[in-house]
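One structure is given here, and the rest of the page talks about it.
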Amino acid sequence: MKFRRVLLVILWMLVIFYWSSVPELNSGLEVLWDTVLRKLAHISEFAILAGLVTYALGRRRWQLELALMISAAYAVSDEIHQLFVRQRVGSIIDVGIDVAGIIIGLLLYKKLFLRRGR
């Protein structure tokens with residue numbers, strides 16, 4: 001693994017950690033739109049994380065599976081972290097949404113990069 005690739009993963013994890021540390025994150029829109037936007041953010045941030053982890057792992061036999069495990073473990077730790085943030089809650093449902101984002105990210109990575117021999 002190249003240091004730069006790993007650094008990208010760490011930086012993105014710090015971005016996720018930062019946003020998880022913000023108490024009462026809300027867009028100021030209606031509750032429905034606020035909820036939809038937050039769930040889309042979960043999917044997006046963990047799709048990006050999965051892509052970055054896959055990229056950092058390089059060409060390995062279990063590259064996608066390992067990226068799934070690392071990203072999912074971070075999703076769980078992120079929700080545990082939120083249990084300790086004022087006005088935030090950790091949710092197993094959010095872990096599921098994060099994992100859906102991870103799977104989307106891995107499928108996109110596979111389609112865009114692995115089939116073209118990059």
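Ranked by Cβ crowding within 10 angstrom, fewest neighbours first, how are Met69, Met13 ordered?
Met69, Met13
Just to be sure I understand the model, the point goes 7 Å from the Cα along the line to the Cβ. What's the resulting Leu108 to Val36 distance in nm?
Each label point lies 7 Å from its Cα, and together they span 1.9 nm.
Between helix 92-109 and the chain, what is the angle of the helix's C-alpha long axis to the longest principal axis, kept within 0 to 90° and rounded to the nearest 10?
That works out to roughly 30 degrees.
Can you sort His81, His42 so the residue with the fewest Cβ neighbours within 10 Å comes first?
Ranking His81, His42 by Cβ neighbours within 10 Å, fewest first, gives His81, His42.
In Å, what is the Rg of the alpha-carbon atoms in region 64-118, and how long is Dmax?
Cα only, region 64-118: 13.9, 46 Å (Rg, Dmax).
Pairing the Cα long axis of helix 3-21 with the longest principal axis of the chain, what angle in degrees results, from 0 to 90 and rounded to the nearest 10?
Rounded to the nearest ten degrees, it is 10.
Coordinate-derived values only; no laboratory data. Keep in mind it's a predicted model, so treat the numbers as computed, not measured. A quick note on method: Cβ atoms are made from the backbone with ideal geometry, for glycine too, and the neighbour counts reach across all protein chains shown.
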